[in-house]
Structures are given as C-alpha cells and as structure tokens.
Amino acid sequence: MVLRRLAAAVLLAATALPAQQSSDTAMGLFPFLVGNMDSRASEVVNACTSRGIDTIYCSVFRTTSALQGDLWITDAAGTWNPAWGPVRPGGAGIDLRTLIATAHASNVRVVAVLKCFSDNVQPTDAAHRQYLLDVIGWFVDQFQPDGKPTYDVDGFALDYVRFVSAATGNSPTYVTNFVRDVKARIGVLSLHAYLLANRYTFDGPTYDLNFASYASVIASLSSQFGQHWEQMARYVDVMMPMCYTADGSIYQGFVEHEAYVRTASAYCRTAVTNGGFPSRRVCPVVKTYTSTGETTTTTTIDASIVGALNGGASGWQAFRYGTMETSWWPVLAAHATPGVNFPRPGTALTVARLSAALDTLSSVDADQSSASLQVAVDWNDDGVMDTGWQPSGGFARLAPSVGLQRFGLIVRDNDGHLSATRRRWTSTAPLSTNAGAFFASQPVNVAIQVDTGVAAAGHAYFVLASLSGSSPGVVWTPGFPVPLNLDPFTDALFAAANSPIFINAFGTLDASGRGTANFVLPAGLLSPLALRTITWCALGTTPGGSPAFVTNAAVSFILP
C-alpha cells in the first residue's frame, strides 16, 4: 500500500508534464483474426501515418502442429509448398505485397510475424525448427524479375518463440540457437522477438508492486519459457516484451499499470546491456484490446506507454489494429513523434558483366536529405556488412563469378533509425573468344577476351585452357569454383604463358576492365587434336594478390 501511495504521489506531481513521445512506434496487424483484409491496406497505412506510427507488424504465418502451419498471405508467386500447410484458410489474411507497397510509399515499414511453436510442438523439435527455417527461406529467397524481393519486408518477428504450456526446467539453448539460426538466414534484415513478460513472474502471486528481482525474473522466464533475454540479445535486434495489462483482477489504475510495464522495460534494457548489446531496441507490446476479466481504457494504454518509456524502452507497439477503438487512437498519437521517422532504402543498379554500380541516393527520409543519410552494404546478403557506414552515394561491386548475386543495404538516419532492403542481380559472362571453331590445318590465332567491367580495373588476370571440358571443374579457393578440368594441356599452356604461342595469357586489366590473350600456332601443329575442344577460362586477383573473380568457360572446337 505504501508503494502504491508513493507512486500515486509521483504521478500527481508529473501531471503537468507533456506526454513523452517516441520515434520508434508500431502497430500489430494480425489479419487472420480480422478476415479478408485485401482491400484495407490503404486504410491501415493511413491510420498509422496520421498518428506517427512507423512500423506495421503483420502476421504472415502461424504454426499449427509439427511441420505444419497456415500461411495467412497471398502466395503471390505460386511457389508455396502445399505440404507445409494451407494458404489463407477460409479466405482470411492479406495480400502482403499490396500492404508492403502501400506502406513503403509512405515510408512505413512492414515486419513479417511468424508464430513458431505451440503446445503441440516445442523448441526441442529439431525437424520443426528446420521446417521454420525453410518457411523463412521461402520468404527471403523469392525475387521478382527486376531484382526486388517478392516480399520486401523490413524484418521478421518471431512470435511464440518459446516453450508453450510447458513445465519448468526448460533449457534456453533451444530458443537461443533457433533465433541465432534465423538471424543468419535473413541477412541484413532485422530480427524481432515477442518476449514473455507475464505479470505473475514479475509481481505474483500478491501483485503489490513489490516486484521480483531482475535475476529472479530472468531465471524464471528462462526455465519456464526458454527465453533467456540476455542470451537472445546477441541475435535479436528488437526485443519486444509483451506487457498486456488493463483494468481488472490484477491491476487497476494508472499507477499499477505504469509500474509493471516500467519494470518489464527496465529489466529488458538491463538484459540487453548485460548481454553485451546495450543499443538493442526495446519496444514493449501494450494491450489495445479488451479480454475477459479486463477492460482496456485510454488510461491503461497511456499508463502502459508511459511505463515503457520510463523504463528505458526505445518505443512501443500497440496490439492490435483490429481491436482499436476510436477513443484510443489519440493516446497513441500523443506518445508518437509526428510523421514517419524511419528512412526508406532506395537502390539503382547498373550491371556490366561482373561489375555492378550501386547508387543509393534514392533512399529517402522525412526529416533529412537523401545525401545526408548513412548507408552500409552487405554484398553477399549474409548479414556481415562489407562496408562501414558511409554517406549515401555510389558503390562498385565485382562479382566473384557469373550467375545470380544478391546484396543487402542498410540505411541509417541521424537519429540512429535503421531500415534495410535486399536486391538480386545477375552477373554475365566476361570471357569470349573470336573463334568458336578453327582449322588445325591453318595458322591459329585465337583471341581470348576478358571484359569484366570497370570494377576489376587494374586487377591481374590469367587465362587457362583445358582439353577436358568444364564440368565438374575445380575449386580455386572457397567461393571461387573454376569451370575447368585441369589436365596436361592446362599445364603446357600455363608453362607457355606470355610466350609467343600464348601472348598476354597473364596480364593486367585496363581501366575498362579489359584484357586480351592470344593463342598463336603455325598451321598443322594441332592436327593431332582435331575434333577436340579447347575450353578457356580466366582467373583474376586484386592488385594485392587476393582471389577476385572467375570467368565463365568459353570453347573453341578444333576442325581438321
């Protein structure tokens, strides 16, 4: 009672203060609970932008049992594996691509939410964990012909990433390792997790605001649900403790709701700091629905958000859109920095064989110029950035080989807000010859042309040859498969490099990334090899000698 009176006194003293605002605000959107929302994308986005809400968390998939789940979005490309589960059962759900396009047009971000486990499949099920990774892979590996992702989400949020309705004594290793694997799978995209922050663990069974210690809460959440907040902070970019509270049998009034959410937020902030990642975003999820035995009001929502921000949270998420009442929206708006506060990545890519020129100046932000944004590029989309933070502008990429390539881009504004996107592109053949066939009975002069594009200007190249074809080939060094089978002919021409019979086999690419080798022999010398095929390939290294590229294979058929 004393604690409650003290908190009430503090509250009264603060009533004249303006509402605290956050520039990291979100709305949960769970279409499967609403129905068919295909026609409501603009409605949802407009409702968010007019209240300063920056991010929409959209439920896209929900586990129903081991190796089964429901996809709650339109299968835009028709590639969903029906063995994984049904698509939009009963017609509920949403066209995610329409929602993303509508949201991105207003700089609003969209995070895809997946329900991971349930009371009939727990994190200990290795096959189901792999199944979930396959589902996530389905989202991240689909691209449109223009190179944009089919589902250009800004991140993934894991719901029910825990033991569900299970006894205590659960190892957190299963959950921690699973979020680690998801983070590795999604590349530059941000990873979010809904965290259990139940009131009983924090304040039960008496609910007198005499909260359990930080150590006790972390240990209890770890043992019962497998969520060790400090361990998860290593991989989760946005920690979202679910602080669902409203007037009813447990708490009543502003003071109690504020104190509970504040404590949960403070403990989560402590956890990410203790875990070694103090800058992780902490965004508690607050209750904007009414359930049996509890009544949500403008006061309970206000108290929850104030508690979150008082506890050191970065922002908040309202759960959920389909249950919002008209009178609640002004409360959210009062605690949101006006406007949309996250940047929107933009890319323009020009490709010339192995070279790509990336321009990021089409990235935008409502609060600052495009040129003042900072960007970082992950050329392999593996989650490891290949550049540091640099001013938005132009970047050059040399593909290591011919074929599909992808990269990730993160954009940062002056307030530290991050947004990411990915793109896929195709590098094309840089090696060609002037002779797809030649006569052994005539003088031979085959020009082998290497044209990588400007990204390899100044790099060294070496042309190789073989009479044994291109498959299966060999590996030069990890990540650089060579489409050439080495044989005695390879050795012979290697020894003859830069001699009169193999001119400029080894050289330096010019400012345009071009170089030409010539294979020159007098008439008749290759007659014993008539009706055989020479396969050509080139390797490239940086000026410092590191492996840089492998070309395609090209062939020259030897006629009699």
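A few notes on this one:
- Positive-end extreme of charge dipole, the stretch 127-220 - chosen from TYR194, THR150, VAL175 (charges on Cβ): VAL175
- An ellipsoid equivalent to the stretch 406-445, defined through the eigenvalues of its Cα gyration tensor, has semi-axes of 52, 9, 4 Å when rounded to whole angstrom and sorted largest first.
- Share antiparallel - DSSP beta bridges, the chain, percent rounded to 5: 60 percent
- For the pair the stretch 192-265 and the stretch 267-304, the centres of their Cα atoms are 8 angstrom apart.
- Here the contact order of the chain, divided by its residue count and restricted to Cα pairs under 8 Å and six or more residues apart, works out to 12 percent.
- Alpha-carbon Rg with Dmax, taken over the stretch 193-267, Å: 12.3, 36
- Rg(Cα) / (2.2 N^0.38 Å) computed for the stretch 183-311, rounded to two decimals: 1.04
- The stretch 389-438: chymotrypsin sites (Phe, Trp or Tyr not before Pro) in DSSP coil with no more than 16 other Cβ atoms inside 10 Å: TRP389
- Dipole check for the chain: with +1 at the C-beta of Lys and Arg, -1 at the C-beta of Asp and Glu, and the Cα centre as origin, the magnitude is about 300 Debye.
- Cα centroid separation - the stretch 316-353 against the stretch 454-526, whole Å: 54 Å
- The Cα atoms of the stretch 323-370 define a convex hull whose projected area, averaged across directions, is 5.7 nm².
- Mean silhouette area of the stretch 24-334, derived from the convex hull of its C-alpha atoms and averaged over all directions, reads 15.0 nm².
- Viscosity 1.567 mPa s, 4 °C: Kirkwood-radius Stokes-Einstein D of the chain over Cα pairs, µm²/s: 49 µm²/s
Computed from the coordinates by the stated procedures, all read-outs in this text should not be read as laboratory data. It should be emphasised that the depicted structure is a prediction, and the values quoted were computed from it without experimental measurement. Every residue, glycine among them, receives a Cβ derived from its backbone with ideal geometry; neighbour counts consider all protein chains shown.
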